[in-house]
Amino acid sequence: MHAALIGQLTIDGLLVGGVYALSALGLNVIFGVMRIVNLAHGEFVIGAALLSAVLFERWHANLFVVLPLAFVLAFGLGALIQRAFLRRLPEDLASAEATSLLMTFGLSYFFVGAWLTFFSGNFRSVPYLTGAWTLGPFSIAQARLAAFVASGIIAVLLALLLRYTALGRSIRATSQNVQGALACGVDVERVRTLSFALGTAIAAASGCLLILIFTVNPETGANVTLASFAVIALGGLGNYAGTLVGAAVIGLAVSFTGYFATAQVAQAAPYVLFILVLLLRPAGILGKSGA
Amino acid sequence: MSAPLLEIENVSRAFGGVRALDGVDLRVNQGEILCIIGPNGAGKTTLFNIISGVMRPSSGDVRFQGESIVRWSPQRIAAAGIARTYQIARPFARLCVRDNVAVAALVHERTLERARRAAQDVLESVGLATLADRPAGSLTLTQRKRLEVARALALRPKLLLLDEVMAGLTPTEIDTMAAFIEQLRERGIAAIGGVEHVMRVVMRISDRIAVLDFGKKIADGTPAEIVADSRVGEAYFGTSLDDVGAAPPTKGHS
Amino acid sequence: MKGRTVIAFAIVAAVLALVPQFLNGYARSLLYITVLYVALAYAWNVISGYAGYLSFGQVTFFGLGAYTTAISVTRGNLPWWEGALLGGVISAALAVPLGYLMLRLRGAFFALGMLGLAQTLQVVANSWQLTGGGSGLFLPPGSNALPAYYWTLAIGLLTFAATLFIDRSAFGLRLQALREDEQVASTLGVQVTTTKVWAFVISAIVPGLLGGGYAWYLTYVEPVSAFATRFDLQAVAMTILGGIGTVWGPLIGGVLMSQVSEMLAAQYPQAYLMIFGGLVVVLLVFLPRGIAPAVSAALARHRARAAQGHR
Ligand SMILES: Nc1ncnc2c1ncn2[C@@H]1O[C@H](COP(=O)(O)OP(=O)(O)OP(=O)(O)O)[C@@H](O)[C@H]1O
Ligand SMILES: [Mg+2]
């Protein structure tokens, strides 16, 4: 095997990893604040991806239009779901986690059905930025690079928001300690809604970028959920730095298996890593081991 | 004299930089009531977690009836005769009170029916019998504390670990619980109580008192010795224990 | 009481065994589907309802059973029911190590671990020559429907009886205890790992056995239908509707919804997903405990009132 090929696959993998990282960040924001693991995450990613594909087919709408639009729509949808359903789950402590899991499981199928209805079951992609730059022996696909850069920008904006805005401070406070946040006068209910909305919107943004690279249909959402969870399993739930490492690993796994095996096997690769990591190191690669 | 029931030898446990326990040695004899006192965060709960097997020490050894149990699973430790309660009561919320206790009784009873009967007897002894059919999630704080004790007793332990069973109770309830703990001695059950407050009661019911401070054991002796130990008074209370005994800083005391 | 339960059980079994004689093909297929879905819901209810480990991938074992049967028949010339039994045995044998591994994961990670497992096996079935790849395997057609129905009925009745036993046994109490709080259960002497692995094995054996009947019934097996995650969605929705972690829940939910489920899935697959997914969401808000507890509460009230009337 050529060194050049390895280099090429590595570049491709790392660029895709950026998008996975963004998607996983969305999951992490929601988990941090709400302790809810959102099984419908992949459906939000895919919904936005398909929306941008359709808008591109119809009106050649480009990323600068589609991404903000998807972001805003998903934000509203997320807020609505939290207000209408998640917030109204019974406060039965012993089963709180189980009930929220069941609910997001139901939501995920609801949206698979909805996307099938809106977008049909066709596989779609966005033939936008199809060129590539050559860099020595490597070629860098414009679409991949754009997706990577855009993911990075959004992730940085998110970090700034968490660090410097009032909302960000409330989110961090609530993530650390709900009682403490309540005592400091944080409107925890509002923060939860905004966090779920924000997480959903980030998922949508990553969907708009993912479709620059991959071909998707409504039924691929579960794969995205699994890949995003694999990232988190590798990096440790709630660990933002770990998320980046996890995303790079998953990106590489997808890129290499996609080349050396079939596309189907490539889709199973994140899952296999997910299982291996969870079984070998339940706290994630960077997480602390022990009880 | 026979070997002690429980020997804790040089046990340490760190969480990141926090040394929750730092080289603690402790012995408990059969039927003895030992109270571990120490302020918030002293390491009492961590010690109970280690003895009951839900946590491993970073170093050190725990021996029960002469056998090292630090590598044992919690269920094996429970079956061997160490029962514990949780500081914040953790009932099986959707099971009825009787079944909460029956789970533990199943360690000794072969059928569910017999376990339920045994559970009912234990509930009588802690005064929860009339609530046996209620879901445990509907109990009040006081009742939950009693349920914790009932479940632990249903294991027919040789050693009972009571993590703050008196916290949050009214003075009358504290006296009831204290009387109950004193009965254990007659039944030959040893007990380790973790206590932050309620010094008046501790002085009365303890055979021995150990003082934990920032994970270190700073004193260990009879109540009289502890009262006489000036280090304890200063390190822990910033005052003499006689004063504390006279005016107990009891939670929920009006 | 015990005797009456057995008699009632025998009568229901006899009726369900005789009923197909009086039905046409279409009605028979509806009956088969209902029994199948109720049995699958009961299997899911053990690991997820009683033990509290939500699995969204028990269809793994269903697909495994279906493929084992198809391979045994087409490549091994075994009678189909031997293949189906083998499917159950393989599922159980796999569920033991898998249970030890997977049940170390908690909450979402267990749920996703199982979901991904089903998807991974689907990929395997799709790519492997032994399983016929994407086009699957075809079984000899003939009068397969009735034998498949009896097979499914027998397993369904056994599963129901097992649930009845679990609900009243020490094993069931231990399962519920570890569902409520696993650490507390362990410090009260419950052998948590063994207990939950047993529950997992029961929840694997049943779909493993049912899968073979399904393969024989359809006369073919292919990756998408054998590992269809909708079977899990369905088990979840039906069990929640009836009452999760209860004896009667899967039966109530399954009987109420099997017909709708089958009709929708066949004719309006998109609407099917939206309705069943949406139903899970709405039920969790408005009827999280399901029908069975509501009914038994009403019955208890009725009995109490009757007792008072007598006094
Ligand atoms: N699981 C854990 N992870 C991290 N730190 C912990 C953990 N458990 C305990 N600690 C820390 O160890 C120290 C001792 O805690 P522990 O709960 O044992 O004290 P305690 O004496 O029981 O106090 P309290 O009166 O609050 O019950 C504290 O600083 C606590 O923050
Ligand atoms: Mg404590």
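The values are calculated or read from the model by the stated rules, or taken from the named source; none is laboratory data. This is a predicted model, so every value here is computed, not measured. Methodologically, a virtual Cβ is constructed for each residue, glycine included, from the backbone with ideal geometry; neighbour enumeration extends over all protein chains shown. Note: accessible area is taken over every heavy atom of the protein model, side chains too, but ligands, DNA and RNA are not part of it. Shrake-Rupley method; radii C 1.70, N 1.55, O 1.52, S 1.80 Å.
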Treating the stretch A:185-266 as a set of equal point scatterers at the Cα positions, no solvent, please give the Debye-formula log₁₀ I(q)/I(0) at q = 0.15, 0.16, 0.22, 0.25 Å⁻¹. -0.67, -0.74, -1.21, -1.35
Would you mind getting the Kirkwood hydrodynamic radius of the stretch B:132-235 from its Cα pairs, rounded to one decimal in Å? 15.1 Å
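Looking at the stretch A:167-263, which chymotrypsin sites (Phe, Trp or Tyr not before Pro) are DSSP coil and have at most 12 other C-beta atoms within 10 Å of their C-beta?
none
Take the Cα pairs of the stretch A:72-148, get the Kirkwood Rh, then feed it into Stokes-Einstein at 20 °C and 1.002 mPa s and tell me D in µm²/s. Write down the numbers at each step before the final one.
Numbers: Rh = 16.4 Å.
For the chosen part, D equals 130 µm²/s.
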Expressed as a whole number of Å, what is the distance separating the alpha-carbon centroids of the stretch B:191-217 and the stretch A:11-37? 48 Å
P(r) histogram, all alpha-carbon pairs of the stretch A:22-218 included - 10 Å bins from 0, percent: 9, 34, 32, 18, 6, 1, 0
Of all DSSP beta bridges having both residues in the protein assembly as shown, the percent classed as antiparallel (nearest 5) is 60 percent
Based on the Cβ-Cβ distance from C:Q267 to B:A179, what FRET efficiency comes out when R0 is 60 Å, to the nearest 0.05? 0.25
So which trypsin sites (Lys or Arg not before Pro) in the stretch B:36-98 are both in a DSSP loop and have at most 16 other Cβ atoms within 10 Å of their Cβ? B:R71
The correct pair for chain C, radius of gyration to one decimal and Dmax as a whole number, both in Å and from Cα atoms, is 19.6, 73
By how many degrees, between 0 and 90 and to the nearest 10, does the Cα long axis of helix C:192-218 differ from the longest principal axis of chain C? 50 degrees
Spelling out what I want: for every residue of the stretch C:95-106, take phi, set θ = phi - 60°, compute 6.51 cos²θ - 1.76 cosθ + 1.60 (Karplus), and round to whole Hz; glycine and proline get x. 5, 5, x, 4, x, 4, 6, 5, 6, 6, 7, 10
Most positive-pole-ward Cα, A:V245, C:A125, A:L15, against dipole of the protein assembly as shown from beta carbon charges: C:A125
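Need one number: buried accessible surface between chains B and C, 1.4 Å probe, both sides summed, DNA, RNA and ligands left out, in Å² to 100.
About 2000 Å² of accessible surface is lost on pairing.
Could you rank A:L145, C:L85, B:L95 by how accessible they are, 1.4 Å probe, largest area first?
C:L85, A:L145, B:L95
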In whole Å, how far is the Cα centre of the stretch A:176-234 from that of the stretch B:58-130? 41 Å
Taking a 31 Å limit on the Cα-Cα distance, which of the listed pairs B:K216/C:K196; B:K158/C:K2; B:K145/C:K196 fall beyond it? B:K216/C:K196; B:K158/C:K2
Averaged over peptide B:113-122, how many Cβ atoms belonging to another chain are found within 10 Å of each residue's Cβ? 1
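Just to be sure I understand: if I project the alpha-carbon convex hull of chain B onto a plane and average over all orientations, what area do I get in nm²?
13.9 nm²
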For the stretch A:22-218, the accessible surface attributable to carbon and sulfur atoms (probe 1.4 angstrom, ligands and nucleic acids excluded) amounts in percent to 66 percent
Accessible area that becomes buried as A packs against B, both chains, 1.4 Å probe, Å², nearest 100: 300 Å²
Accessible surface, per residue, of the protein assembly as shown when the full set of protein chains is kept, probe 1.4 Å, Å²: 41 Å²
If the label point sits 7 Å along Cα→Cβ of A:F118, residues of the stretch A:182-216 with amide N under 20 Å come out as A:196-216
To one decimal place, what Kirkwood hydrodynamic radius in Å is obtained for the stretch C:202-284 from all pairs of distinct Cα atoms? 13.6 Å
For B:R56 and C:A294, what is the calculated FRET efficiency with R₀ set at 35 Å and r taken between the beta-carbons, to the nearest 0.05? 0.20
Relative to the longest principal axis of the C-alpha atoms of chain A, give the angle of the C-alpha long axis of helix A:263-280, reported between 0 and 90° and rounded to the nearest 10°. 50 degrees
Residue among C:V255, C:G113, C:Y217 farthest towards the positive dipole end of chain C, charges placed on Cβ: C:V255
Given charges at Cβ of Lys, Arg, Asp, Glu: the protein assembly as shown dipole, positive-most of C:I11, B:F64, C:T195: C:I11
In terms of the ratio Rg/(2.2 N^0.38 Å) built on C-alpha atoms, what value belongs to the protein assembly as shown? 1.04
Check which residues have an amide H placed less than 5 Å from C:I244's amide H, if you skip close sequence neighbours. none
Alpha carbon convex hull of the stretch B:1-132, projected area averaged over orientations, nm²: 10.0 nm²
Net dipole in debye of the stretch A:22-218 [+1 Lys, Arg Cβ; -1 Asp, Glu Cβ; about Cα centre; nearest 20]: 300 debye
Can you give me the angle between helix C:25-44 and the longest principal axis of chain C, using Cα atoms only, in degrees from 0 to 90, rounded to the nearest 10? 60 degrees
Over the stretch C:137-201, consider all pairs of different Cα atoms and compute the Kirkwood hydrodynamic radius from their mean reciprocal separation; express it in Å, one decimal. 14.3 Å
Euclidean distance between Cα centres, the stretch C:100-155 to the stretch C:240-302, Å: 24 Å
Portion, in percent, of the accessible area of chain C that falls on carbon or sulfur, probe 1.4 Å: 69 percent
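Report the convex hull volume per residue for the stretch B:51-117, counting only C-alpha atoms, in Å³.
106 Å³
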Assuming R0 = 30 Å, can you tell me the calculated FRET efficiency for the pair A:S125 and C:S127, based on Cβ-Cβ distance, to the nearest 0.05? 0.85
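Taking 0.36 nm per intervening residue step and subtracting the Cα-Cα distance, what contour gain separates C:L94 from C:Y150 on full extension?
Answer, rounded to one decimal: 17.6 nm.
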Tell me, what is a quarter of the convex hull surface for the C-alpha atoms of the stretch A:40-85, in nm² with one decimal? 3.2 nm²
Given the -39500 (n - 2.57) contribution per DSSP H run of 4+ residues, what per-residue ellipticity at 222 nm results for chain C, rounded to the nearest 500 deg cm²/dmol? -26000 deg cm²/dmol
Per its Cα gyration tensor (rounded if a/c is under 1.5, else prolate when a/b beats b/c, else oblate), the stretch A:1-119 is best filed as oblate
